[in-house]
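Here's the structure, in structure tokens; my notes come after.
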Amino acid sequence: KQEVTQIPAALSVPEGENLVLNCSFTDSAIYNLQWFRQDPGKGLTSLLLIQSSQREQTSGRLNASLDKSSGRSTLYIAASQPGDSATYLCAVRADSSYKLIFGSGTRLLVRP
Amino acid sequence: EAEVAQSPRYKITEKSQAVAFWCDPISGHATLYWYRQILGQGPELLVQFQDESVVDDSQLPKDRFSAERLKGVDSTLKIQPAELGDSAMYLCASSSRTGGRETQYFGPGTRLLVL
């Protein structure tokens, strides 16, 4: 059974700092991995999607990497801003279905 | 930009009462998902529809939960009777598939509190 773990559970950094969020998964037979952002009490917004054949994806100040063989992904946020404060969730899609398996998220607070 | 619509946004009910949530997916999206997200956890899939057919409801507590998508467009998720442990955010998502690739678009969610 696929399990997704995110470390740390919470993170507080000063504005301007570069930071890395970690995601690990137990079954490497994934089709893709996706990073989402969730603001308090709101739905999910997709940030980056990495296909299993890809190593990384970039969007603005965000860079996500995928090491399928080791079951790891990282989300790198450059020059963090208070507006980046949110919960970041990673989710994997198995080869055999369209079902997404989510981690519990990392709650990020960027202090002005 | 088209969005997934959900209502109500918030619902407070007493245990043993019935509640219903509605979702209107993005136009043209054949696949619709209902997720439950308990506070501090990631979303967990409850049910997946392809058009009007259920594809996966393995995690749906069928003794009290039901879901339908009668015309393959909007969908309703019902809980009867509600229990204290059902307090959570209920998220709806829809997707279209192009060449095997799919992106799920999420609605704003319905936050349920059972007293």
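The values are calculated or read from the model by the stated rules, or taken from the named source; none is laboratory data. For clarity, every value in this text was computed on a predicted model and none was experimentally measured. All Cβ positions, even for glycine, are placed from backbone atoms using ideal geometry, and neighbour counts span all protein chains on display.
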Quick one: how many residues across segment B:56-101 are surrounded by fewer than 17 Cβ atoms within 10 Å (Cβ to Cβ) and part of a strand (DSSP E or B)?
9
Does any residue of segment A:62-69 turn out to be part of a strand (DSSP E or B), within 14 Å of chain B (Cβ to nearest Cβ) and within 23 Å of A:Val110 (Cα to Cα)?
no
Just checking, which of B:Gln6, B:Gln41 is in contact with a Gly (Cβ under 7 Å, 6 or more places away or on another chain), under 28 Å from A:Thr106 (Cα atoms) and among the polar types (S, T, N, Q)?
B:Gln6
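One line per residue, one yes/no per condition, for (1) under 14 Å from A:Lys99 (Cβ atoms); (2) at pLDDT 90 or above; (3) within 11 Å of another protein chain (Cβ to nearest Cβ):
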residue: B:Phe49; (1), (2), (3): yes, yes, no
residue: B:Val54; (1), (2), (3): yes, yes, no
residue: B:Ser58; (1), (2), (3): yes, yes, yes
residue: B:Arg69; (1), (2), (3): no, yes, no
residue: B:Ala82; (1), (2), (3): no, yes, no
residue: B:Ser96; (1), (2), (3): no, no, no
residue: B:Gly100; (1), (2), (3): no, no, yes
residue: B:Pro108; (1), (2), (3): no, yes, yes
residue: B:Leu112; (1), (2), (3): no, yes, no
For segment B:79-115, enumerate the residues that are within 14 Å of B:Phe21 (Cα to Cα) and polar (S, T, N, Q).
B:Gln80, B:Ser87, B:Thr110
What about A:Tyr31, is it among the aromatic types (Phe, Trp, Tyr) and at pLDDT below 95?
yes
Across (1) within 11 Å of chain B (Cβ to nearest Cβ); (2) in contact with a Cys (Cβ under 6 Å, 6 or more places away or on another chain), A:Ser73 clears everything bar (1)
Residue by residue through segment B:102-115, note down the ones that are within 10 Å of the chain's Cα centre (by Cα) and either surrounded by fewer than 22 Cβ atoms within 10 Å (Cβ to Cβ) or in a loop (DSSP other than H, G, I, E, B) (or both).
B:Gly107, B:Gly109
List every residue pair whose Cβ atoms lie under 8 Å apart, where the two residues are 6 or more positions apart in sequence or sit on different chains, the first residue falls within segment A:100-112 and is within 14 Å of chain B (Cβ to nearest Cβ), and the second residue, located anywhere, is surrounded by 17 or more Cβ atoms within 10 Å (Cβ to Cβ) and assigned to a loop (DSSP other than H, G, I, E, B).
A:Leu100/B:Pro43; A:Phe102/B:Gly42; A:Phe102/B:Pro43; A:Gly103/B:Gly42; A:Ser104/B:Gly42; A:Gly105/B:Gly42
